[in-house]
Amino acid sequence: MAELQPVQPEDYYEILQVSPRADAEVIEAAYRVLARRLHPDRNASPAATAAMARLNAAWETLGDALSRDAYDRQRRLAVPAVRPAVPSEPAAGFAIEAGERPRLRVEPAMLRFGPLARGARTAGFATVVTEPPGIRVETAVAEGASWLAAGPPLLKGLEKEQIGVTLSTRRLAPGSYHGAVELRTSWETVRLPVELSVRRASPIVALRTLLREGPGEGGWRGGAGALLLSLLALVLIVVGLGVLALGR
C-alpha cells in the first residue's frame, strides 16, 4: 500500500500575493484590490466563486492581528510544508514582491496661492495616489493651522482621491506665509507644502475686516498699516461730506 502524503495547507500570504513581512496596510490593500477583481459579480470566470472564498478565508485570518500571529506561529512550524509566498496566478493582476513597499504620491508637489487681499478666502485641490490602491491615508495640517485647513481627514485609498485645501486670510497681515499638509500611511509620511501671499486690502475693506475680525496675526502692530489707512479714508470721507454741506 502506498504511503499517504500529508496535504500541504494553502499559504494565505500566497493567496493574497503579499510578503509574510507585509504591513497590515499592504495586506488590506491587496485584499481590496483582489476582491474587486475576483468577486463573482464582476468576474465571469467559473472559478471566481471558489477564488473569492479562498481570498475571504485568507483575509479573515491575516486581517486580524491576533489571528495573524497565531497563523504565523503555525506556519513557521509547518515549514517547509507551506509553500513560499510567491505569486502563482499572474492573471489576478496584482502582486507585491517580497521586500517591496507601497508608494504614496501627491500631485502637485506644492500648492501656491496669491497674492490675495486680506480678508479673502480661497480653495484648492491635490490628487492622492497610492500604489497599490486601497491603502488608508490620513491627512492633517502640519503647519499654518491658523489660516489653513485640509480634508477629508481619512482617505479610503481608491484608485485616485482628492484632498481639499481651504485658506482664509481674515486674520493675516500682508506678507508671505508657509504651511504644510501631511499625508500619512502606516509606512510613509508625505508633506504637501502650501505657500500663501497676502496683499493689502483697500481701505474700506481693511476697515470692515478690522472691525469684524480684529487685528491681524501680528496683533495690532501687524495691522497698523491697514488701521492708519482706514482712519485716513474715514477722515477724508468726513471732510468731503463737510465740504459738500458748506457748499450748499
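Observations
- Protection proxy ranking of 231-238, 32-39, 12-19, 123-130 - average other beta-carbon atoms within 10 Å, highest first: 12-19, 32-39, 123-130, 231-238
- Normalised radius of gyration (Cα atoms, divided by 2.2 N^0.38 Å) for region 103-199: 1.10.
- Rounded to whole numbers, the Karplus 3J(HN,Hα) couplings from phi for region 43-58 are 10, 7, 5, x, 8, 5, 4, 5, 5, 5, 5, 5, 5, 5, 5, 5 Hz, using 6.51 cos²θ - 1.76 cosθ + 1.60 with θ = phi - 60°, and x at Gly and Pro.
- Among the trypsin sites (Lys or Arg not before Pro) in region 101-164, those placed in a DSSP loop whose Cβ has at most 13 other Cβ atoms within 10 Å are K156, K160.
- In terms of packing, defined here as the mean over residues of other Cβ atoms within 10 angstrom, the peptides 144-153, 60-69 line up highest first as 144-153, 60-69.
- Bridge orientation summary for region 103-199: considering DSSP beta bridges with both residues in this region, about 85 percent are antiparallel.
Bear in mind that the values in this text are calculations on the coordinates, not laboratory data. Note that the coordinates shown come from a computational prediction; the quantities given were computed from them, not determined experimentally. Glycine gets a Cβ as well: all are built from the backbone with ideal geometry, and neighbour counts include every protein chain shown.
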